[in-house]
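A short worksheet on the structure shown next.
The values are calculated or read from the model by the stated rules, or taken from the named source; none is laboratory data. Please read these numbers as outputs of a predicted model, since none were measured by experiment. All Cβ positions, glycine included, derive from the backbone under ideal geometry; neighbour counts span all protein chains shown. Protein only, heavy atoms only, side chains kept; ligands, DNA and RNA dropped before computing areas. Shrake-Rupley method; radii C 1.70, N 1.55, O 1.52, S 1.80 Å.
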Amino acid sequence: MAMGARRHFEPIAKCSTEGRSNQTVASDLDGTLLVSRSAFPYFLLVAIEAGSLLRGLILLASVPFVYFTYLFISEAMAIKTFIFIAFAGLKIRDIELVSRSVLPKFYADDVHPETWRVFNSFGKRYIVTANPRIMVEPFVKTFLGADKVLGTELEATKSGRATGFIKKPGVLVGDHKRDALLKEFGTNLPDLGLGDRETDHDFMSICKVRSPCYLNCKITSLLFTSPSFFLSKLFNFLVKIYSVKEFKLCVYAIWTEYY
C-alpha cells in the first residue's frame with residue numbers, strides 16, 4: 001500500500017474476536033484502549049504525586065502553550081513539553097512508585113469497553129504509545145495483560161533522576177510507532193493494529209490485516225477543544241485548586257468532571 005494512499009479502517013465495533021487466541025495485536029493507548037484522548041490528567045497526577053503542588057501548577061499553566069503547539073507545530077513537541085515539565089528532576093524510583101500505586105486506579109476507570117473486548121481476545125498483546133513507558137507499563141501489564149510496551153523512553157542521570165529529555169528515536173508518534181514495530185517484530189508483524197487518530201495510521205497499516213480496526217472517538221480531551229471553551233475550563237481548574245483544601249480531592253474533581 002502506498003504511503004500516500006487513502007486508508008480504510010473498520011470501526012472497532014465490527015472487529016471480530018473469534019480465532020484470535022494465536023494472534024498478536026498492537027494497540028495505541030490514549031483514545032484507543034482508554035476513552036480519554038489526552039494523557040494530560042496522568043501527567044498531572046505524576047507531577048503532583050512524585051513532585052509537588054507547584055510542579056502541578058506549572059504543568060497546568062503550560063497547557064495553552066501545549067495546546068497551540070499541538071495544533072500548529074508538532075504533536076511530538078507538545079508531548080515533549082509535558083514530559084519535561086512533569087518529569088525533569090524527579091527520581092526515577094518515585095515515578096515508578098506513582099506509576100504502580102496511583103495511576104492504575106485512574107487508568108482502570110478510563111478503559112474503553114469496545115477496544116478492551118477486541119484487545120483481550122488476542123493471545124499476544126502489545127501497546128505502542130507516545131506516553132513514557134515507565135508511566136504506563138505497570139498498568140497495561142498487570143491489568144490489561146500486555147506482553148510488552150513500546151513507548152517513549154526517558155533519559156536519566158547516573159544518580160537516577162529524570163532529565164526531562166527523551167532517548168532516541170524520540171516521542172513514539174507517526175513514523176516512530178511504525179519503526180518501533182518493525183524493530184520489535186521484523187517481518188513477523190502483528191496481525192492487527194488498533195488506533196484512533198491519523199498519526200496511528202502508519203503502524204496500523206503495516207500489520208497483517210490491511211484494514212485495521214479504528215476507534216472513532218468523540219473528541220473530549222482538554223487539548224481538543226475550542227480556545228474559548230479551553231480557557232473557561234482552565235479557569236475553573238485554577239479556581240478549584242485554590243479553593244479546595246485537599247489538592248488530591250481537587251484532582252479527583254477535575255478528573256470526574258472532564259473525563
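Can PHE84 be described as closer than 17 Å to PRO132 by Cβ, in contact (Cβ under 8 Å) with a residue 60 or more places away in the chain, open to solvent by 60 Å² or more (accessible area, probe 1.4 Å) and not aliphatic (A, V, I, L, M)? Here the answer is yes, as PHE84 does meet what is asked. The residue that is nearest to GLU96 (Cα to Cα), among those in the range 16-35 that are of a type outside the set (Val, Ile, Thr) and surrounded by 24 or more Cβ atoms within 10 Å (Cβ to Cβ), is LEU29.
Would you confirm whether or not the range 95-115 contains a residue that is of a type in the set (Lys, Arg) and either closer than 24 Å to LEU144 by Cβ or open to solvent by less than 30 Å² (accessible area, probe 1.4 Å) (or both)? Give the derivation first.
Here is the first cut: in the range 95-115, the ones of a type in the set (Lys, Arg) are 100, 105.
Checking the rest, the ones that are also either closer than 24 Å to LEU144 by Cβ or open to solvent by less than 30 Å² (accessible area, probe 1.4 Å) (or both) come to 100, 105.
Yes, that holds for at least one residue.
The numbered conditions (1) closer than 19 Å to PHE84 by Cα; (2) in contact with a Phe, Trp or Tyr (Cβ under 9 Å, 6 or more places away or on another chain) are all true for ALA156 except (2).
The number of residues in the range 148-163 being touching a Lys or Arg at 6+ places or on another chain (Cβ under 9 Å), outside any strand (DSSP E or B) and of a type in the set (D, E, K, R) comes to 1.
Taking GLY145, is it in a strand (DSSP E or B) and either modelled with pLDDT under 95 or over 26 Å from LEU189 (Cβ atoms) (or both)? Before you say what the answer is, go through the steps one by one.
On the way: in a strand (DSSP E or B): no; either modelled with pLDDT under 95 or over 26 Å from LEU189 (Cβ atoms) (or both): yes.
No.
Yes or no, residue by residue, for (1) touching a Leu at 6+ places or on another chain (Cβ under 9 Å); (2) open to solvent by 50 Å² or more (accessible area, probe 1.4 Å):
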| site | (1), (2) |
| --- | --- |
| ARG117 | no, yes |
| PHE122 | yes, no |
| TYR126 | yes, no |
| PRO138 | yes, no |
| LEU144 | yes, no |
| LYS177 | yes, no |
| PHE185 | no, no |
